[in-house]
Amino acid sequence: MIQRILAITQKEFIQTWRERSTLVILLTLPLLQLILFGYAIHMNVQHIPTVIADQSLDYASRAYLNDMVNSGYFDQVGSVSGEDGVVQEINAGRANAGIIIPPNFSELVQRGDAEVAILVDGSELFTSLSAYNAASIIGQNHAVETIMEQAERAGQSSNPAIASPLTAHIQILYNPDFKDLWFIIPGIVAFLIQTQTIVLTATAVVRERERGTLEQLLVTPIRPMELMIGKIIPFIFIALFNLLTVLAIGVFWFGVPFQGNLWLFCSLAFLYVFSGLGLGLLLSTISQNQRQASQLVMFFSLLSLVLGGFIFPRYTMPPLIRLIGNIFPLTYFVPISRGIISKGIGINMLTGEVISLAAYILIIMVVAARSFRQRLD
Amino acid sequence: MIRFQRLRALILKETTQLVRDPRTLVLILSLPVILLFLFAYAVSLTVYHLPTALVDQSHDPESRKLVDAFHNSGYFDFVTAYDNELQIRNALDAGIVKAGLLIPPGIKDDVQRGKANILVLLDGSDSFSVQSGFNAASLITQKLGFDLVAEKITGPSKSLPLPIITNPRVLYNPDLNDLVFLVPGLVALLVQNIIVSHAAMAVVREREAGTMEQLLITPSRPVEILIAKLVPGSLLAIIEMVIILLLSTFWFKVPFQGSLPLFAALAVLFIISGMALGLLISTVSKTQRMAQQISVVMMVFGVLLTGFIFPRTSMPLWTQVIGNLIPLTYFVRIARGIITKGIGMEFMLPDTLSLVAFALVCLVLSSILFKRRLE
């Protein structure tokens, strides 16, 4: 049996080696994608292009705008005269936010009923979230400071408790400086490996079927299960190579600290590789031709990107959607990857995820083998 | 040069091939609809109800006021209570909670003396939770602190209004509705996926099956073969786009602000440029496996680089340039402009011209490469 599996493996190795350009793509693609996404993705958006309509141009408006601009969230890209100008600029896409300060701002502040409007481009998700939150916090902060100053000038500076009596110390665990890359790298490593493993095996069976060579293989003494194992083995090597290079780039190039145990991570990642290969094999056996396989792969990777917890948190999803998320290997590996790389936790806190992943692999392999056998009859 | 009669025959052949494979046809048409539904229900962009652990070491009126303020904000759901900080950290490690609030002993006296300090812990491995939690926690404590100061200045009876009120207003989407953000981009993304992957298989499939040679010994010219391959797929994509738009407008109630004919015209342009990109992939690829690999990459690029989810303004220039190599980048802006903003053609001229140029370059390149491959 081992001999037959090895024969198949050898055949697959030769076939992969012959297709040299595909092999180069397979080996380097995840790496290039990681570098690209590492630079491109920002969830906490700063330096939002902003137009300013300052209708006062006095001391109070300058103080207010200074606070907004110095926060780093709003970059002034132009000045307009009023709200119409702001809307025009946002419509044209030249700015994503606009600050409108009404006339006679200083007087209004003195009387205590000044109102600043901040318009935010609501067609872009992360930009509007960041702008909205930053504007609320900075605006409130500025107002509190102003009232303190007013109190001071009114001669109440003798009051010792003029500073806020209540402060919150907000600590972000595992990522104290709130760096985007530290969020993204552990998740994207998991995502790239999943996509890669599914693509690798998805074409494996259906390709032989389309070319008619599957029949030739089946008249040999090789059993279906042996055929599948033999086909997977070369891909394991490719996937492991991808995993190690991607991880190395994440740690050494992007400087994301690896908090946990490397060996634990590698052994669980090895397990994870099988789950993706298994899912790809299943897709391959249920597809009639490579075009169908291609559509299914596309569907599965896109869906897992959204439901797997890599970008959007899973605990906010409705239960049914969360259940559907369980059909992707990514869902099980994102907590493992984040747990080991970012949190530095050990196997004792990950037992649930590891058992689910193992069960997943077992089920997907059995289902794939069964549907393959059915297809042959 | 291009004979209509030959072209019609070729288009007929492509259509027959497509219709003869009904399972693929059903897959192509139904998968995007399923994706639309799952995305729409799965994605929520502002995170409320963070599972939170509470350690209240004071148990006095002041601490209760704090806990109430956190709870009433809607951002924090207290799911467990512990005795000390270490237990919160363990719960965060294990992923049981995403945030923790610690109120030290004697908070009432500390507030009187003006130096109360509470601790908020957030799970930094999850970006959305951190953003929502951080902002909510700062706003809540700032407000409470301010109220306490105001009480001291004016006495407990009078309340002191803030002298400056900042009103952030979100244009086009005043209620921060998740679907309004998501749907216009999603329509574009789903359609691009179909057309790129469909067209990417077109040429390489015939080559692998060996039927390309048969086509080439007919009088048809290479350009005609390529155009014929575009037509049935484009029709399919148009049908798909209509289905998705109908669903998003009538089922998900995402308002369509702009001009429908303008959108339709630009959507056809987008579909043609996507097809052209797919054809280019197809002529470059040696095998279907390679074509498939490249189209998956295009899909992932489409999600992450085109501005569909992550904003392009905060990307470095070189990744923006790479994003410009995908037609989706231009069409995400167009779709949002027409569907969400309701703006007209005068704002979209650069993106429209870019799409035209993109389609032309891809078509010319792929027919040159196609001819070279033949020799």
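Quick notes on this structure:
- Filter result for the condition that a residue is touching a helix residue (DSSP H, G or I) at 6+ places or on another chain (Cβ under 7 Å) and either in a helix (DSSP H, G or I) or at pLDDT below 80 (or both), over A:ALA134, A:ALA151, A:ALA143: A:ALA151
- Region B:284-306, residues that are farther than 16 Å from A:LEU305 by Cβ and at pLDDT 85 or above: B:VAL284, B:SER285, B:ALA291, B:ILE294
- Residues that are at the interface with another protein chain (Cβ under 8 Å from one of its Cβ atoms) and closer than 25 Å to A:ILE233 by Cβ, drawn from region A:293-326: A:ALA293, A:SER294, A:LEU296, A:VAL297, A:SER301
- Checked against the criteria, A:ILE232 counts as modelled with pLDDT of 80 or more and either buried (at least 17 other Cβ atoms within 10 Å of the Cβ) or in a loop (DSSP other than H, G, I, E, B) (or both).
- The C-beta contact set for region B:258-282 (first residue outside any loop (DSSP other than H, G, I, E, B), second residue of a type in the set (Phe, Trp, Tyr), distance under 7 angstrom, 6+ apart or interchain) comprises B:PHE270/B:PHE331; B:SER273/B:PHE358.
- Region A:79-101, residues that are surrounded by fewer than 17 Cβ atoms within 10 Å (Cβ to Cβ), out of contact with any Gly (no Cβ under 9 Å at 6 or more places or on another chain) and in contact (Cβ under 8 Å) with a residue 24 or more places away in the chain: A:SER81, A:GLY82
- When residues in region B:13-30 are screened for being facing chain A (nearest Cβ under 7 Å) and touching a residue at least 24 places away in the same chain (Cβ under 8 Å), 1 of them pass.
- In region B:114-132, the residue that is nearest to the other protein chains (Cβ to nearest Cβ) out of those that are small (Gly, Ala, Ser) and in contact (Cβ under 8 Å) with a residue 60 or more places away in the chain is B:SER129.
- Flag for A:GLY280 being in a helix (DSSP H, G or I), within 14 Å of chain B (Cβ to nearest Cβ) and over 21 Å from the mean Cα position of the chain (by Cα): yes
- Within region B:81-101, tally of residues that are of a type in the set (Ser, Thr, Tyr) and under 23 Å from A:GLY309 (Cα atoms): 0
- Residues that are among the hydrophobic types (A, V, I, L, M, F, W, C), outside any loop (DSSP other than H, G, I, E, B) and under 30 Å from A:VAL256 (Cβ atoms), drawn from region A:27-60: A:LEU27, A:LEU29, A:LEU31, A:LEU32, A:LEU34, A:ILE35, A:LEU36, A:PHE37, A:ALA40, A:ILE48
- Some residue of region B:118-128 being surrounded by fewer than 19 Cβ atoms within 10 Å (Cβ to Cβ), over 30 Å from A:SER128 (Cα atoms) and not basic (Lys, Arg): no
- Scope region A:120-130; condition at pLDDT 85 or above and more than 7 Å from every other protein chain (Cβ to nearest Cβ); matching residues: none
The values are calculated or read from the model by the stated rules, or taken from the named source; none is laboratory data. Small disclaimer: the values here were computed from a predicted structure and weren't measured. Don't worry about glycine lacking a Cβ; one is built from the backbone with ideal geometry, like all the others, and counts go over all protein chains shown.
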